[in-house]
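Presented below is the structure to which this report refers.
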Amino acid sequence: MKRFIYLLWFAHEHVAFRIHEIESIASLLNIPIKWLEPPSDEPWYLVELPSEEAVQQISARSVTMRRALQLWADEPTISKLHETLKEKCLNGILEPFKLKSFKVDVDLFCNSQTKEEKLERIESFSYIPFEGPVNLKNPDVTFQYIEYYGLDPKNIPEFPTRTFFGRVVAESGRSLIHELSLKNRTFIGNTSMDPQLSLLMANLGKVSNGDLVLDPFVGSGSLLVAAAKFGGHVIGTDIDYLMLHGRTRPTRKQTRHIPRRNESIEANMVQYSCVDKYIDVIVADSSIPCWRSDVEFDCILADPPYGIREPTERIGSKEFLPIVKKETIHFPSKVDYGLNEIVKDLMKFSSKQLKLNGRLLFWVPVFKQHYDESQIPRHSSFKLIGNCEQVLTTFTARRLLIFEKIKMPEDTDECSCTIPSTNSFREQFFNWDENRLTRKEKKEAAARNKELWFAKLNNINVK
Ligand SMILES: C[S@@+](CC[C@H](N)C(=O)[O-])C[C@H]1O[C@@H](n2cnc3c(N)ncnc32)[C@H](O)[C@@H]1O
């Protein structure tokens, strides 16, 4: 079978997630993919794929990619790129596209260009024997020229270190990110997951048409929306009755004084035309699973609480277990539910109620200085497929753990997990720098420093 080389061109964000996203989509679609260079932080992957259709299928689902090119030239310098391209044109690479309308897009990575410079670059390709008309709005064929100037914006070289030219064969699924924007969403909460990460999770979870997808910490349902957009039948649980009934304090500043109306996860599903994929959400405590033992989910996506903007709690009592009469209204008391416990319960539950080969994905917050790989939870029913970091602040991050179920659980199976408890994350989050200074203190410290230096220079003794 003839295979072609394609350049997958990425947006420069969520770098750690790219390779897992493309691998997950390719494996979901059963498309063999060959990586031609080891994965790096550079904004492209060179791959071999069996057909243009395969590239289009992968691109259409990806939210980390921008577009895919059939590679015509890949050279370390601009002059070498033009040489290669001239040779390829002589060999007839343009023939099938010669008469079509076209445009050339120019992208500089880690550098900028004026309009005039852009035009100059486009005109430098005038030797290509295009015969069709230029069409900037809706061309039959788009070509892409890329100059890469490295990853360090503080150290931009004079000339690009790599250049590419290719024919655009597919655009990515990134338009969905804008379609699902939180800005215009009917119902959001103060911890709603952003659309790109939600879609990314659905891709990494290999959600496909007809799958049964559960979010046990559903909140405002962002993960369900993303999974439903990829064809999953979605269901969720949350311990917070007010959240599921859209009765929490409005999150949008300008609507704080207006009571919430018709806000719910279902309303979001209607807004995004995927209500047919919505099963329901249930007020329930995920530490006490409420599912029939024969229910099997294809995918479990979770964004458990970190204790920063929402409490981490489960139903329980420190003192005694009250006996509740059936006819009385009972509001169960709650106790703290540490991250370790949450993760252990989630993995135990998933080991039983996730399909074999199904994926379990969840986030854990980490304090970067104290994080090490040994804290990552392990369970013999699961293989860790990916562990991707999203930096939150200088000191904190969250990691998305991607697990695949590889065997049915045994009674003796235990989940080992040594993630520091939510309380400790919370403490570190709020007291991350005891020496953090106010502006005034910083000014005073700088002045004092200056004074000390001056004294040192002039051999004066200062207390
Ligand atoms: C980080 S938020 C999830 C946000 C959600 N991904 C979204 O996009 O809106 C965590 C959610 O877990 C819920 N939660 C906390 N403890 C729980 C428990 N024991 N069982 C079920 N849900 C719980 C909280 O009420 C909160 O809505």
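In the range 74-121, of all residues being out of contact with any helix residue (DSSP H, G or I) (no Cβ under 7 Å at 6 or more places or on another chain) and of a type in the set (Val, Ile, Thr), the one that is surrounded by the fewest Cβ atoms within 10 Å (Cβ to Cβ) corresponds to Thr114. Taking the range 191-215 as the range and being touching a Leu at 6+ places or on another chain (Cβ under 7 Å) and of a type outside the set (Gly, Ala, Ser) as the test, the residues that pass are Met193, Asp194, Pro195, Leu199, Met201, Leu204, Lys206, Val213, Asp215. The conditions of being touching a strand residue (DSSP E or B) at 6+ places or on another chain (Cβ under 6 Å) and within 15 Å of the ligand (Cβ to nearest atom) are met by Tyr306.
Counting only residues that are among the hydrophobic types (A, V, I, L, M, F, W, C) and closer than 20 Å to Glu158 by Cα, the range 75-130 holds 8 of them.
The sole residue among Leu356, Leu384 that is more than 16 Å from the ligand (Cβ to nearest atom), over 23 Å from the mean Cα position of the chain (by Cα) and either surrounded by fewer than 17 Cβ atoms within 10 Å (Cβ to Cβ) or of a type in the set (Phe, Trp, Tyr) (or both) is Leu356. For the range 313-332, indicate whether the set of residues that are in contact with a Pro (Cβ under 9 Å, 6 or more places away or on another chain), surrounded by 19 or more Cβ atoms within 10 Å (Cβ to Cβ) and at pLDDT 75 or above is non-empty. Scanning the range 313-332, I find no residue that is in contact with a Pro (Cβ under 9 Å, 6 or more places away or on another chain), surrounded by 19 or more Cβ atoms within 10 Å (Cβ to Cβ) and at pLDDT 75 or above, so the answer is no. It is to be established whether one or more residues within the range 390-409 are over 20 Å from the mean Cα position of the chain (by Cα), modelled with pLDDT under 90 and crowded, with 16+ Cβ neighbours inside 10 Å. No, the conditions are met nowhere in the range 390-409. The strands (runs of 3 or more DSSP E) found entirely in the range 25-115 that carry 3 or more residues being within 20 Å of Ile128 (Cβ to Cβ) and over 22 Å from the mean Cα position of the chain (by Cα) are 65-75, 102-109.
The values are calculated or read from the model by the stated rules, or taken from the named source; none is laboratory data. No experiment lies behind these values; they were computed from the predicted model shown. Neighbour counts run over all protein chains shown; Cβ positions are idealised from the backbone, glycine included.
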